[in-house]
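The values are calculated or read from the model by the stated rules, or taken from the named source; none is laboratory data. Remember, predicted model here, so these are calculated numbers, not experimental data. Using ideal geometry, Cβ is built from the backbone for each residue, glycine included, and neighbour counts are taken over all protein chains shown. These accessible areas exclude ligands, DNA and RNA; they are computed on the full protein's heavy atoms, side chains included. Shrake-Rupley method; radii C 1.70, N 1.55, O 1.52, S 1.80 Å.
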Amino acid sequence: MFCGSLSEAENRKVYGKCANPHGHGHDYTVEVVVGGDIDGTTGMVVDLVELDGLVGREVLEPFDHQNLNTLESFRAAVPTTENLLLEIRKRLERALPRRLTLAVRVEETSNNFFEYWEEGSE
């Protein structure tokens, strides 16, 4: 992580070992949970092939094996795991049918993860 509006010393203080102006990386694990009414005809809440395709287009294609600091999505925000989570959530909410509830979890390491779920969902 490196915030261009902070000095090198401030970046080191805020981001510690992650403060590298030349890049810093992680292998993230992203978990997407959707909920809703089960369709009486298909027996599904959502078609998993469609959901996999949507996650591929909206999350994996734009972010996998990328330097997040260089992406348009993070021009105005440091690509912390929290901000990555918010960006993923925004993209999925925009692409999913409105009838579905959404929970997203982004795991940076086995000890560090962040979750978002809609009010009233578990």
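Do you know which of the residues in the range 56-103 that are of a type in the set (Asp, Glu) and either touching a helix residue (DSSP H, G or I) at 6+ places or on another chain (Cβ under 6 Å) or part of a helix (DSSP H, G or I) (or both) is farthest from Asp27 (Cα to Cα)? So, considering only residues that are of a type in the set (Asp, Glu) and either touching a helix residue (DSSP H, G or I) at 6+ places or on another chain (Cβ under 6 Å) or part of a helix (DSSP H, G or I) (or both), the one farthest from Asp27 (Cα to Cα) is Glu93. Listed by first and then second residue, the pairs with beta-carbon distance under 7 Å, at least 6 apart or on different chains, first residue in the range 87-101 and within 14 Å of Pro62 (Cα to Cα), second aromatic (Phe, Trp, Tyr) and surrounded by 14 or more Cβ atoms within 10 Å (Cβ to Cβ), are Arg89/Tyr116.
Quick test for you: out of Thr101, Thr41, Thr29, Thr81, pick the one residue that is open to solvent by 90 Å² or more (accessible area, probe 1.4 Å), at pLDDT 90 or above and hydroxyl-bearing (Ser, Thr, Tyr).
So the residue among Thr101, Thr41, Thr29, Thr81 that is open to solvent by 90 Å² or more (accessible area, probe 1.4 Å), at pLDDT 90 or above and hydroxyl-bearing (Ser, Thr, Tyr) is Thr41.
Say whether the condition of being surrounded by 15 or more Cβ atoms within 10 Å (Cβ to Cβ), touching a strand residue (DSSP E or B) at 6+ places or on another chain (Cβ under 7 Å), of a type in the set (A, V, I, L, M) and more than 30 Å from Ser7 (Cβ to Cβ) is met by at least one residue in the range 58-76. Scanning the range 58-76, I find at least one residue that is surrounded by 15 or more Cβ atoms within 10 Å (Cβ to Cβ), touching a strand residue (DSSP E or B) at 6+ places or on another chain (Cβ under 7 Å), of a type in the set (A, V, I, L, M) and more than 30 Å from Ser7 (Cβ to Cβ), so the answer is yes. Need pairs with beta-carbon distance below 7 Å; first residue in contact (Cβ under 8 Å) with a residue 40 or more places away in the chain and within the range 25-36, second acidic (Asp, Glu) and open to solvent by 70 Å² or more (accessible area, probe 1.4 Å); sequence gap 6+ or separate chains. From residues that are in contact (Cβ under 8 Å) with a residue 40 or more places away in the chain, there are no pairs. The condition (being closer than 30 Å to Leu6 by Cα, open to solvent by less than 40 Å² (accessible area, probe 1.4 Å) and of a type outside the set (Asp, Glu)) is satisfied by just one residue among Val46, Val34, Val106, Val55: Val106.
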